[in-house]
Amino acid sequence: MSDNGQDSNPAGSKGQKRSRVIALKPRERMKIPRHLPDEQDPKERITNFCEVSEGFNIEKALEEATRCLECNDPVCMKACPVNVDIPAFIQLLYQGDYDGAIRKIRESNYLPAICGRVCPQENLCENSCIVGKKLEPLAIGKMERFLADYEAQRGSFTPPPVASSKGQSVAVVGSGPGGLTVAAELAQMGYDVTIFEALHEAGGVLKYGIPEFRLPKQIVDEEVERIKALGVKIETNVIIGRTLTIDELLGEMGFGAVYIGTGAGSPRFLNIPGENLSGVYSASELLTRVNLMKAYKFPEFDTPLKMGKKVVVLGGGDVAMDAVRTSKRLGPEQTLLLYRRSREEMPARLEEVHHAEEEGIEFHFLTSPVAIHGDANGWVKSIECQKMELGEPDEQGRRRPIPVEGSNFTIETDTVVVAIGQSPNPIIQQTTPGLETTKWGTITVDESGATSRPGIFAGGDISRGGATVIQAVADGKQASRSIDAYLTKLRSEGVEESGRETADQRESTGK
Amino acid sequence: MYRIIETQELAPTITRLTVEAPLVAKKRKAGNFVIVRATPTGERIPLTIVDSDPEKGTIVLIVQAIGKTTHIISELRAGYHFEDVVGPLGEPTPVSEFGTVVCIGGGVGTAVIYPIARALKAAGNRVISIVGARNRELIILEDEMAAVSDKLIVTTDDGSYGKKGFVTDALQEIIDVQGKPDAVYAIGPFPMMRAVADVTREPDIRTWVSLNPIMMDGTGMCGACRVSVGGELKFACVDGPEFDAHQVNFDELIARNQTYAGPEQKALETWKNRVETTDCRQL
Ligand SMILES: Cc1cc2nc3c(=O)[nH]c(=O)nc-3n(C[C@H](O)[C@H](O)[C@H](O)COP(=O)(O)OP(=O)(O)OC[C@H]3O[C@@H](n4cnc5c(N)ncnc54)[C@H](O)[C@@H]3O)c2cc1C
Ligand code: SF4
Ligand code: FES
């Protein structure tokens, strides 16, 4: 791609807009096959942490945009949790109005460079795309990513207009996608927003969980910068519940409202014998060491990580997939993933399962761990497993795994990674009186994002348990509307109150 | 910016640092710790808050140079700064009026026991302290400990100062001569804490230890710090760092703490070599 986008722009130079209606009929458009981005070769990519998907270049993005039918009743848009105006942005892209297209996305979603990479589009917009009913759906996510990357490449980002100051401030706890979205929305409405983040960098799971090869950390930093450009302040190294409390934020610190977006980061363990042996990691520990602390660059970076010769990862979700692919890149001779149901039941994104298979991960389905055994020094030596078979479907419709009697067997291994899920971070719930929680430890919210205490709102993984980035973004948007309504009401009451005060004063001084 | 206001060498390899961290200083209670990062490429390590001055907005940390990170921190001087300081972390020490309490500090563990001894004294306890180290040079905070204790016993392994022997010998003597104390707090290397737990188990004396397992985030999000306490899984950073000594599985903990021994040694050597080469260039 040339540095100057205009030169290599097949859509023509400035001002010359393409109109698709003249260009191609729907039938012809549908004949164009879905475009695929280039990907790093599996053999190559398991030796590095660079991004797997190279994304679209201009040509591919424009040709892909040609495939859109501009439906009158766009089902893709309805399937998007934040209702991005998909046909509108694709139309703008088609016309070569790259700035207009990315602005259109940002009206609904302030994190396009991130969501274009990690959203499960195959279950959302792309799953419902009309073209996909007969042929392959539009590559909506890849176009979104292209627009975000192309804007960054040209440095053409200009912050959207910010309303004049409302004179009220909001504290956002946690800088994951939910917190970042609330901050971006409220800042644009004219509120003074400060994000408090426990870690030393902003981004939440985007920074410490999702690996570099799926979401480069520089991309996250750039999105964070675009939020700071709206006047949002970010205070890292502040743990709410320890360094400061929610009640201090609302009290002496004078914040009008608080949003809690602290996520579900507490790793769950299996409670089987041997889980505390050396060489057993939670996926959170492994991923945080590698992503946030850059252990893959040890000793240039100081945080160590010890990968053995044979790694066994336990679990079948996105986190397990990230853990196993991260492990693979750290150079063990063999990398295995054990899942207690079959491939069909795996909750992980299909694209990632496919990537993992390409990278030579050995999948063992219908296999459940029962104990981890250690050597004389307390290091993992082997893992004892049991074969499973599938029984009746559970409440969620997934077939329940049932142990097969007498099927125990042992796998020799020196590194085990437990990736069976995360629970909500408990610190705020423990230190905020009157904040209602569920039996799973999540914070109770109503559909507006309000918690049991006035002025305190919450969303994302802390109220849902483990969910998705876009769901956290959607919760953030809902909560920012609720916070605006709440603060607007306070403002009008404040006006009334100060009005009453002056009347009282007048009365008293009049006497 | 977490500026360093003052540093002082307490013993060879042991340094005391006064650091600006106003929010932490305001909230900190005895038993709390912080997680620090010295440099932009540094690792996150936990350090106990030895003291704090809420007015000046400073906290006091004591560090012993063992690995690369602690070596780097030991070389920081006034005017330098930490990249990150976050806290206060962990549950504060359960301080109440027990009666007679024995506070035991082994090696740099004395830095951790000092604020606890002071808080116990302030709560009206009779505090007997035992401070031990390998030799005279490594005894730290003797005056400070004396000031907050009704009685202070110093032990060295080689007999170069105080009583010759281990802190557990001194503890056993107290139990034999004066009778059972009402509580014991012991902080030091894992083998020392395990030995103390063994001494107090039979006479059934309430004993707390403060654990310093491998940590990373310090907020319950990685599980690196997990320990078995009474057969249950606990995260030392949020459930501790202090636990009932008789319930802690020390053997498991000692093994786990060796996880990174290899890489850490390598990091330290690489770093030391780097320092030498820069020194050569400067000559
Ligand atoms: C390894 C992994 C891979 C994933 N892959 C995908 C994917 O491909 N696609 C997808 O859609 N979703 C994915 N998810 C899920 C997705 O990342 C989460 O649903 C989403 O990040 C939740 O956002 P959030 O804003 O609620 O919180 P988080 O992203 O969890 O951020 C919470 C932030 O709050 C901070 N915090 C916590 N407690 C405190 C406190 N007391 N004070 C101050 N700060 C605090 C944390 O340090 C953290 O930075 C993945 C999750 C993981 C773990
Ligand atoms: S459903 Fe598909 S074809 Fe229709 S507007 Fe959306 S992306 Fe375009
Ligand atoms: S240090 Fe990560 S959970 Fe305790």
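The values are calculated or read from the model by the stated rules, or taken from the named source; none is laboratory data. No experiment lies behind these values; they were computed from the predicted model shown. Note: ideal-geometry Cβ built from the backbone for every residue, glycine included; neighbour counts use all protein chains shown.
Quick notes on this one:
- Among the residues of the stretch B:243-274, those that are within 24 Å of residue B:43 (Cβ to Cβ) and either within 16 Å of ligand 1 (Cβ to nearest atom) or not in a helix (DSSP H, G or I) (or both) comprise B:257, B:258, B:259, B:260.
- The stretch B:213-231 residues that are within 7 Å of chain A (Cβ to nearest Cβ) and within 20 Å of residue A:273 (Cα to Cα), paired with ones that are assigned to a loop (DSSP other than H, G, I, E, B) and of a type in the set (Asp, Glu) (beta carbon under 9 Å, 6 or more apart): B:224/B:217; B:226/A:275
- Qualifying residue in the stretch A:118-131 (condition: within 16 Å of ligand 1 (Cβ to nearest atom), outside any helix (DSSP H, G or I) and over 21 Å from the mean Cα position of the chain (by Cα)): no
- None of A:445, A:416, A:473 is within 30 Å of residue B:220 (Cα to Cα) and assigned to a strand (DSSP E or B) except A:416.
- Residue that is in contact (Cβ under 8 Å) with a residue 24 or more places away in the chain, surrounded by fewer than 21 Cβ atoms within 10 Å (Cβ to Cβ) and either within 14 Å of another protein chain (Cβ to nearest Cβ) or among the hydroxyl-bearing types (Ser, Thr, Tyr) (or both), where the choices are A:262, A:245: A:245
- Residue match in the stretch A:436-456 (condition: under 23 Å from residue B:91 (Cβ atoms), within 16 Å of ligand 3 (Cβ to nearest atom) and either away from chain B (no Cβ under 14 Å) or not aliphatic (A, V, I, L, M) (or both)): yes
- Residue match in the stretch A:451-465 (condition: surrounded by fewer than 21 Cβ atoms within 10 Å (Cβ to Cβ) and assigned to a strand (DSSP E or B)): no
- Qualifying residue in the stretch B:94-115 (condition: within 14 Å of chain A (Cβ to nearest Cβ), part of a strand (DSSP E or B) and among the hydrophobic types (A, V, I, L, M, F, W, C)): no
- Pick from the stretch B:29-43, criterion under 17 Å from the mean Cα position of the chain (by Cα) and either of a type in the set (A, V, I, L, M, F, W, C) or buried (at least 24 other Cβ atoms within 10 Å of the Cβ) (or both), ranking: nearest to ligand 1 (Cβ to nearest atom): B:35
This table checks each residue for (1) surrounded by fewer than 21 Cβ atoms within 10 Å (Cβ to Cβ); (2) more than 25 Å from residue A:285 (Cα to Cα).
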residue: A:360; (1), (2): yes, no
residue: A:370; (1), (2): yes, no
residue: A:386; (1), (2): yes, yes
residue: A:408; (1), (2): yes, yes
residue: A:425; (1), (2): no, no
residue: A:442; (1), (2): yes, no
residue: A:448; (1), (2): yes, yes
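- Hey, residue A:174 in contact with a Ser or Thr (Cβ under 8 Å, 6 or more places away or on another chain), small (Gly, Ala, Ser), closer than 30 Å to residue A:245 by Cα and at pLDDT 95 or above or not: yes
- Condition met for residue A:151 (of a type in the set (Asp, Glu), within 16 Å of ligand 2 (Cβ to nearest atom) and under 30 Å from residue A:30 (Cα atoms)): no
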